[in-house]
1. Output yes when any residue across the stretch 24-31 is under 18 Å from Ser104 (Cα atoms), modelled with pLDDT of 70 or more, open to solvent by 100 Å² or more (accessible area, probe 1.4 Å) and not hydroxyl-bearing (Ser, Thr, Tyr), and no when none is.
2. Here's a check for you: in the stretch 1-23, which residue that is open to solvent by 100 Å² or more (accessible area, probe 1.4 Å) and part of a loop (DSSP other than H, G, I, E, B) is modelled with the lowest pLDDT?
3. Of everything in the stretch 123-139 that's assigned to a helix (DSSP H, G or I) and open to solvent by 20 Å² or more (accessible area, probe 1.4 Å), which residue is farthest from Tyr92 (Cα to Cα)?
4. Which one is farthest from Asp168 (Cα to Cα) among residues in the stretch 104-139 that are β-branched (Val, Ile, Thr) and touching a Phe, Trp or Tyr at 6+ places or on another chain (Cβ under 9 Å)?
5. When you look at Thr125, is it at pLDDT below 80 and over 26 Å from Phe41 (Cα atoms), yes or no?
6. Would you pick out the residues in the stretch 152-174 that are open to solvent by 40 Å² or more (accessible area, probe 1.4 Å) and touching a helix residue (DSSP H, G or I) at 6+ places or on another chain (Cβ under 7 Å)?
7. It is to be established whether one or more residues within the stretch 38-51 are more than 18 Å from Arg110 (Cβ to Cβ), part of a loop (DSSP other than H, G, I, E, B) and at pLDDT 75 or above.
8. If you check Tyr62, Tyr92, which single one turns out to be assigned to a loop (DSSP other than H, G, I, E, B) and either among the hydroxyl-bearing types (Ser, Thr, Tyr) or modelled with pLDDT of 65 or more (or both)?
Amino acid sequence: MFVKNNWDYLGTPWKYIYRRNFLIDNQIKFPIEILHEDEVFSVNAFMLCERMGISNMYCYRYYKENGKIMSTMSAKRISSLFYVCEVLFDLYLRQSTCNNDFLSLPLLKRIVLMIQQSLMLYEKTNEVYMATLHQIEVIDKIKKELHSSKYLGVIQKTFGRNVICIFDKLEKKMLLC
């Protein structure tokens with residue numbers, strides 16, 4: 001019950017400790033050849049775990065360096081964000097059809113964050129990124145679902161703005177390239 005009421009999904013796997021057998025038995029692995037692979041790994045683990053412990057102990061220190069993969073703007077990073085959005089959205093749809101949908105709101109929040117990052121990358125990258133028709137369709141489906149979601153108000157408070165406008169801006173950028 002604590003997790004359902006107080007926990008918000010954070011996709012960084014270094015924040016959690018997993019039993020090795022749990023990962024092997026459930027075939028949970030990092031996807032290859034994409035960036036933001038930790039998002040997919042973590043949410044797959046959360047979907048399959050039966051119990052979770054939470055601690056405030058810090059066991060990892062993160063150093064952000066300029067020139068590293070996550071600090072650069074690239075077409076691969078945009079493509080990876082779209083892939084992660086699609087995976088998270090598929091999981092959201094599966095969650096919302098079952099009785100155990102405690103991850104629905106955190107998944108939607110994470111998707112909006114990824115969309116916001118994609119828009120920022122579009123605006124800052126020097127590379128031209130040609131979105132595929134499939135990517136445009138997925139973004140449109142997510143926007144429509146979010147627009148009719150019972151969580152829209154909560155998500156807009158979290159981001160402090162009309163999140164549908166973020167999707168509209170991104171779609172416009174995608175179609176212009």
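1. Just the residues of the stretch 24-31 that are under 18 Å from Ser104 (Cα atoms), to begin with: none.
No: the stretch 24-31 contains no residue that is under 18 Å from Ser104 (Cα atoms), modelled with pLDDT of 70 or more, open to solvent by 100 Å² or more (accessible area, probe 1.4 Å) and not hydroxyl-bearing (Ser, Thr, Tyr).
2. Met1
3. Once the filter is applied, the top-ranked residue is Lys124.
4. Within the stretch 104-139, the match that is farthest from Asp168 (Cα to Cα) is Thr132.
5. Spelling it out, Thr125 is indeed at pLDDT below 80 and over 26 Å from Phe41 (Cα atoms).
6. Val154, Gln156, Thr158, Phe159, Asn162, Lys169, Lys173
7. So far as the stretch 38-51 goes, yes, one or more of its residues are more than 18 Å from Arg110 (Cβ to Cβ), part of a loop (DSSP other than H, G, I, E, B) and at pLDDT 75 or above.
8. Matching residue, one of Tyr62, Tyr92: Tyr62.
The values are calculated or read from the model by the stated rules, or taken from the named source; none is laboratory data. Here the structure is a predicted model, which means the values were calculated and not measured. Neighbour counts run over all protein chains shown; Cβ positions are idealised from the backbone, glycine included. Remember, those area values only see protein heavy atoms, side chains included, never the ligands or the DNA or RNA. Shrake-Rupley method; radii C 1.70, N 1.55, O 1.52, S 1.80 Å.
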